[in-house]
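Before any comments, here is the structure.
The values are calculated or read from the model by the stated rules, or taken from the named source; none is laboratory data. Worth saying up front: this structure is predicted, and the values here are computed from it rather than measured. Positions of Cβ are backbone-derived with ideal geometry, glycine not excepted, and every protein chain shown enters the neighbour counts.
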Amino acid sequence: MWDRGGTGGVEPLWPLLAYGGLVLALAAALLAVSRLLGQQHSARSRDLPYESGMNPTGSARLRYGVHFYAVGIFFILFDVEVVFLYAWAVAFRELGWPGYVEAVLFVVTLFLGLIYVWKWGGLDWSPSRRMRRGEGRGGFEI
């Protein structure tokens with residue numbers, strides 16, 4: 001597979017396969033031992049979800065409005081900027097002033113996007129304002 005030190009030899013693949021087999025065997029053994037030695041319960045309440053010490057009420061399958069998903073997407077869009085700004089901060093000295101100007105333009109672009117989303121009503125959770133704008137009951141309409 002790989003040349004080791006320029007000798008022209010090929011490294012065998014069997015050590016990797018043996019290691020993977022040992023990992024799988026160890027995982028299976030741990031699961032089997034915990035199944036055999038662990039406590040066995042058959043209480044009906046054991047299968048119920050435990051939420052802060054309260055018994056569940058109603059169904060867990062609730063419908064959420066579109067605005068919940070829109071806010072999630074906006075969060076992802078505006079949160080990804082941290083990854084780029086962190087990389088810029090790490091390479092700050094090497095990038096100099098041109099890198100600083102580009103980072104400022106990046107932040108300004110994101111800020112303008114935030115203003116656009118705000119003016120568009122993407123961050124508005126009030127149903128009465130959405131109704132006045134004629135969006136109906138569905139939430140956001142593009």
Within the stretch 68-111, residues being in contact (Cβ under 8 Å) with a residue 60 or more places away in the chain and either in a loop (DSSP other than H, G, I, E, B) or not assigned by TED's automatic domain parsing to the domain that holds Asp124 (or both) number 0
**Study point:** Trp118 surrounded by 10 or more Cβ atoms within 10 Å (Cβ to Cβ) and in contact with a helix residue (DSSP H, G or I) (Cβ under 7 Å, 6 or more places away or on another chain)
**Key:** no
From the option list Ala91, Ala70, single residue qualifying as closer than 19 Å to Trp120 by Cα and among the small types (Gly, Ala, Ser) is Ala70
Exercise for the section: Scan the stretch 74-88 and give yes if some residue there is of a type in the set (Asp, Glu) and at pLDDT 80 or above, otherwise no. Expected result: yes
